[in-house]
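One structure is given here, and the rest of the page talks about it.
The values are calculated or read from the model by the stated rules, or taken from the named source; none is laboratory data. Bear in mind the structure is a predicted one, so any value in this text is a computation, not a measurement. Every residue, glycine among them, receives a Cβ derived from its backbone with ideal geometry; neighbour counts consider all protein chains shown. Surface areas here come from the heavy atoms of the whole protein model, side chains and all, with no ligands, DNA or RNA. Shrake-Rupley method; radii C 1.70, N 1.55, O 1.52, S 1.80 Å.
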Amino acid sequence: NKEAILDEVIVDLLLYQEAKKRGLDKDKEMKILFDEAKKKILIAKLIKEQIEDNVTLTDKEIQDYYNANSQRFMTPERLRASHILVKDELEAKDILDSLKGGADFAEIAKTKSIDPTSKRGGDVGYFIRGQVVPEFEDICLKLEVDQISDVVKTQFGYHIIKLTDRQPPTKMPLDEAKDKIKDSLLKSKRRKAFNELIESLKKQTKIEIDKSVLLK
């Protein structure tokens, strides 16, 4: 792409030269825009040199934050369940009787369940609190792994639920949380350094405000 990039550079220079030939750089509006752009560039340069380049972070600060805020790095309890969904309560009760008699849960889910999960033997997959309807969640929280529920009614119909796994809350390792902690601490320290710089500049400068103008 070298030739295409070179052509873009040439086009930019041609347009820039033409604009200067027409005196657009001397236009009053353009001068205001130039001054505003210059101001923003200089401010950005000052902030980079005074704040961003000077604010540092140690491994100890990251470790201390991790230890002091352990709850922030806990992954919630995860549940996994399978279910059989039908529209009729009597049918659900008949299925439950079959399961109690030793019928295979996954096979019945494939043939009887009206939910799309039937293709997977009723497997809903892993979920955390708040990701499934309350009635379904409440039952799952009470079940032991491999235990099958009674018939459960929700807005979708009648379910028979089997809890297939339960993973307790776990703490995210420091290596995984490190980048997130670093970003958070750097933002906090830079914000503090910025505020301190502004306060210092205000103390060094006499500022007069015409409040009557603010009321207009």
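Below is a table of values for the structure above.
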{"quantity": "Solvent-accessible area per residue, Å², over the chain with all protein chains present [probe radius 1.4 Å]", "calculated": "76"}
{"quantity": "Accessible surface ranking that places the most exposed of D123, D150 first, with a 1.4 angstrom probe", "calculated": "D150, D123"}
{"quantity": "Lysines with Cα under 29 Å of K182, excluding same-chain neighbours fewer than 8 positions away", "calculated": "K40, K45, K48, K60, K171, K192"}
{"quantity": "Charged-residue dipole, Cβ positions (Lys, Arg, Asp, Glu), segment 63-216 about Cα centre, Debye nearest 20", "calculated": "1400"}
{"quantity": "Distance from segment 160-216 to segment 1-79 (C-alpha centre basis), Å", "calculated": "19"}
{"quantity": "Solvent accessible area, Å² - V152, 1.4 Å probe, full protein context", "calculated": "10"}
{"quantity": "Eligible aspartates and glutamates near K93 by straight Cα distance, threshold 18 Å, same-chain separation 8 or greater", "calculated": "D104, E107, D115, E135, D150"}
{"quantity": "Distance in nm between pseudo-label sites at R22 and N67 (7 Å out along the Cβ direction from Cα)", "calculated": "6.6"}
{"quantity": "Student exercise, segment 67-110 dipole from Lys, Arg, Asp, Glu Cβ charges, in Debye to nearest 20", "calculated": "420"}
{"quantity": "Built amide H within the under 5 Å cut-off of G125, gap 5+", "calculated": "A81"}
{"quantity": "Options V11, N1, L99, ranked by Cα towards positive dipole end of the chain, top entry (Cβ charges)", "calculated": "V11"}
{"quantity": "20 Å Cα-Cα reach of K180 towards aspartates and glutamates, excluding residues that sit fewer than 8 places from it in its own chain", "calculated": "E52, D53, D59, E61, D64"}
{"quantity": "Expected 222 nm ellipticity per residue - DSSP helices of 4 or more, -39500 (n - 2.57), all of the chain, to 500", "calculated": "-17000 deg cm²/dmol"}
{"quantity": "Relative contact order, percent, the chain [alpha-carbon distance under 8 Å, six or more residues apart]", "calculated": "24"}
{"quantity": "Cα-derived Rg to Rh of segment 10-119, Kirkwood definition", "calculated": "1.54"}
{"quantity": "Estimated vicinal HN-Hα couplings, Hz - segment 201-212 in sequence order (Karplus 6.51, -1.76, 1.60; Gly, Pro = x)", "calculated": "5, 5, 5, 7, 10, 7, 10, 10, 10, 8, 5, 4"}
{"quantity": "Candidate residues I128, I207: accessible-area rank, largest first, probe 1.4 Å", "calculated": "I207, I128"}
{"quantity": "Accessible area of F127 in the full protein assembly, 1.4 Å probe (Å², nearest 10)", "calculated": "10"}
